[in-house]
């Protein structure tokens, strides 16, 4: 058996597995992207503007933030900063993907960066950790499968929302799809006591840091929770070694 | 009304900035080996980010103007239990189902 990191494995099969594993999240991406289309048209954007934003940014939460601030007549730089801070979490995703995908060629890494969305990140990393025997090529294939499912849905249903938005009553409250999505992502990640600690600290810190300006509360809470999770794991390891 | 020039300036800068954030470590570090302490922390990225994203969405939703809406909190809790007990699809369906179900009951009361 050669080094599994060097063998090619079956990237094609991994692609379709990623595609299937991310399928449940289309249930979330459809209403959420439609909502963006509706909100953008309500704010006075035309279809081309709405689609340009969805394609150039592909990050729902920051698109809503930017739009809301522009509507409030905030200066462009203020809206930009607030929206970018919402996306800072993706620098953490980017770092967490290095050990799995960092070997890919630069062009591929750029494409993977452009496509990096929450759902696919969470599903991919969970699978990599469950199956350390996956080859490097399979990891790339799996990642692309996840992203290739989510992103076309994101574009297509933003367009649907932008075109038929006035038919969707506001009383549907499609925005609730966002918290449900992140809850569905969190539950399978609670795989150890240390992960439980990280999640609880994350919730508590999000409440504690809620008043921080410029959306920095999320970033601060996430960093705190990461340290809490890692320290708990170390402590549990030491205790096991002592026993 | 949103100014057209402002819109395009913001959209293009946000597109570039968001790409650079996503590209950052994956793009510039590439295949370099990361130190053990960093790998340890990076294993907790997902579970540290998602609950911190959800918490304000559930407690102070923008859709209600920041007013706590107990139906949202309850439906979120139901989604979480279903996610732990059943599956990802279970969490999504029961979360949205509970939300609309409770809204329907609320409108009858």
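The values are calculated or read from the model by the stated rules, or taken from the named source; none is laboratory data. The structure displayed is predicted, hence computed values, not measured ones. In this analysis, Cβ positions are derived from the backbone assuming ideal geometry, glycine residues included, and neighbour counts consider all displayed protein chains.
A few remarks follow.
- Test: residue in the range A:4-15 that is closer than 27 Å to residue A:182 by Cα and within 9 Å of chain B (Cβ to nearest Cβ): no
- Answer residue from the range A:28-42, given it is closer than 28 Å to residue A:188 by Cα and crowded, with 20+ Cβ neighbours inside 10 Å and is nearest to the other protein chains (Cβ to nearest Cβ) among those: A:28
- For the range B:1-68, the helices (runs of 4 or more DSSP H) that sit wholly inside it and include 3 or more residues that are within 7 Å of chain A (Cβ to nearest Cβ) and over 19 Å from the mean Cα position of the chain (by Cα) are B:4-29, B:36-42.
- Across the range B:78-94, the number of residues qualifying as more than 20 Å from residue A:30 (Cα to Cα) and part of a helix (DSSP H, G or I) comes to 6.
- Index of the failed condition, residue A:45 passing every other in (1) assigned to a helix (DSSP H, G or I); (2) within 8 Å of another protein chain (Cβ to nearest Cβ): (1)
- Helices (runs of 4 or more DSSP H) fully within the range A:176-243 that include at least 2 residues being at the interface with chain B (Cβ under 7 Å from one of its Cβ atoms) and touching a strand residue (DSSP E or B) at 6+ places or on another chain (Cβ under 7 Å): none found.
- The residues on offer are A:79, A:91, A:68, and the sole one that is within 26 Å of residue A:175 (Cα to Cα) and surrounded by 24 or more Cβ atoms within 10 Å (Cβ to Cβ) is A:79.
- Test result for residue A:56, buried (at least 22 other Cβ atoms within 10 Å of the Cβ) and in a helix (DSSP H, G or I): no
- For the range B:78-95, the tally of residues that are facing chain A (nearest Cβ under 7 Å), at pLDDT 90 or above and over 30 Å from residue A:224 (Cβ atoms) stands at 0.
- Residue identified as at pLDDT 95 or above, within 22 Å of residue A:27 (Cβ to Cβ) and either surrounded by 15 or more Cβ atoms within 10 Å (Cβ to Cβ) or more than 7 Å from chain A (Cβ to nearest Cβ) (or both) among B:104, B:75: B:75
Condition check ((1) closer than 19 Å to residue A:21 by Cα; (2) modelled with pLDDT under 90) across all residues:
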{"residue": "A:54", "(1), (2)": "no, no"}
{"residue": "A:67", "(1), (2)": "no, yes"}
{"residue": "A:98", "(1), (2)": "no, no"}
{"residue": "A:104", "(1), (2)": "no, no"}
{"residue": "A:108", "(1), (2)": "no, no"}
{"residue": "A:116", "(1), (2)": "yes, no"}
{"residue": "A:143", "(1), (2)": "yes, no"}
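- Residue list for the range B:58-79, filter: within 16 Å of residue A:185 (Cα to Cα) and in contact (Cβ under 8 Å) with a residue 12 or more places away in the chain: B:58, B:75, B:76, B:78, B:79
- Residue under evaluation residue A:126, criteria (1) at the interface with chain B (Cβ under 10 Å from one of its Cβ atoms); (2) farther than 21 Å from residue A:29 by Cα; (3) assigned to a helix (DSSP H, G or I), criterion not met: (2)
- Any hit, the range A:65-79, residues being outside any helix (DSSP H, G or I), more than 14 Å from the chain's Cα centre (by Cα), in contact (Cβ under 8 Å) with a residue 60 or more places away in the chain and more than 8 Å from chain B (Cβ to nearest Cβ): no
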